[in-house]
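J.: Starting off with a structure, shown below.
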Number of protein chains: 2
Amino acid sequence: MPRFTPAEKERIRERLLDSGYDRFLADGLEDTAIADLTADAGIATGTFYSFFDSKADLLAAVLRREAARVHDDLEAILDAHEDDPETAVRRFLERASVAIVENPLFRRTVARSDRERVHAALSAEELKDTHDRKLSLLVPYIEAWQDRDLVVDGDPETIGMTVLYAAYLPLHRAEFGAEQYPRVRDLLFEWIATSVTT
Amino acid sequence: MPRFTPAEKERIRERLLDSGYDRFLADGLEDTAIADLTADAGIATGTFYSFFDSKADLLAAVLRREAARVHDDLEAILDAHEDDPETAVRRFLERASVAIVENPLFRRTVARSDRERVHAALSAEELKDTHDRKLSLLVPYIEAWQDRDLVVDGDPETIGMTVLYAAYLPLHRAEFGAEQYPRVRDLLFEWIATSVTT
């Protein structure tokens, strides 16, 4: 491996993640060549393995970066509406529910035939972690809103989990059909947002 | 096959369903012998195939009978609380959510290793049908309640689907954990029941 400074390494890693996002989305995991990824990043093919163990490992890192961006978005939404929990919860659910399941890269890769190959790199525990991280993000806001009498009383974790359940709706999209799904989503998020607030 | 009268056939079929329920629950599909089922029903082993194509076919019929019983229960709940939709919806969700996923026979068989063998007999369309039947049951009540101004305005089908989504909660039980799950369930059902009513 050529000697890279830490800043160069970070830049190359970011370029590999960007290239991975674009190419996996366009071509899928199987039909993306490591040589294309490294060409995009301006490094030799073999140097790829100084950064990632496999294409699946890169895909997992891309999805992890997406999840971190969603997390930042969710935090920004809660902050922006900290005086209006009803709007905060509705926007939170709107963003969280499209985050993983409707993410086009996730649908193109994990939701299709690449699922098993990625599974090794992006474990069930990691997906569970995503759920737990969303909950950790939400609970302090619920506590602060309860102190201000803006949110109903009760265990903040139970309330947070009940809110988060609504974000699983896209997993059941098929049962609702294309026409009803957006209506059910809007109604459910409205019911949850108004129920959680006083 | 011995000559059975239609009434005898019906009785034997019921006995096979009863025996299947007990034995599949106790021993699972794999470890239940057709000879045991037919002994319980008082028929020769080979006569089994005049009634069902396979053990998996019998299990599917047992689960179908359970689903029909749940449907009757749900209808009775809606009738019993026809003047109080908040209670009706809460009880409906309580019954519907334990119906399939928490049914001990379903958990003992379909939710475990027998899943694939049963899948052929009890198809995804049939499970979808169960959802659609619950919806068909609920929608006329919603319409009647709307006429009496007891339930919020809006497309009765959208409202019914949104209510039914809460019944999928047990599918996500693992994410909530044993301690929080019953609390999340009670809170969610309360929120849905109070949101749907005026």
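J.: So in segment A:125-138, with the set limited to residues that are within 12 Å of chain B (Cβ to nearest Cβ) and under 16 Å from A:LEU78 (Cβ atoms), which one is nearest to the chain's Cα centre (by Cα)?
T.: A:LYS134
J.: Same structure, new question: State all residues of segment B:147-187 that are surrounded by 21 or more Cβ atoms within 10 Å (Cβ to Cβ) and in contact (Cβ under 8 Å) with a residue 24 or more places away in the chain; if no residue qualifies, say none.
T.: Residues satisfying the conditions are B:VAL151, B:ILE159, B:GLY160, B:MET161, B:THR162, B:VAL163, B:LEU164, B:ALA166, B:ALA167, B:ARG185.
J.: Which one of these does A:ALA144 not meet: (1) under 19 Å from A:VAL98 (Cβ atoms); (2) more than 10 Å from chain B (Cβ to nearest Cβ); (3) surrounded by fewer than 16 Cβ atoms within 10 Å (Cβ to Cβ)?
T.: Failed condition: (1).
J.: Looking only at segment A:148-198, count how many residues are over 24 Å from the mean Cα position of the chain (by Cα) and facing chain B (nearest Cβ under 8 Å).
T.: Going through segment A:148-198 one residue at a time, the tally reaches 5.
Taken together, the values in this text are just the output of simple stated rules run on the coordinates, not laboratory data. For clarity, every value in this text was computed on a predicted model and none was experimentally measured. Positions of Cβ are generated from backbone atoms using ideal geometry, with glycine treated the same way; all protein chains shown enter the neighbour counts.
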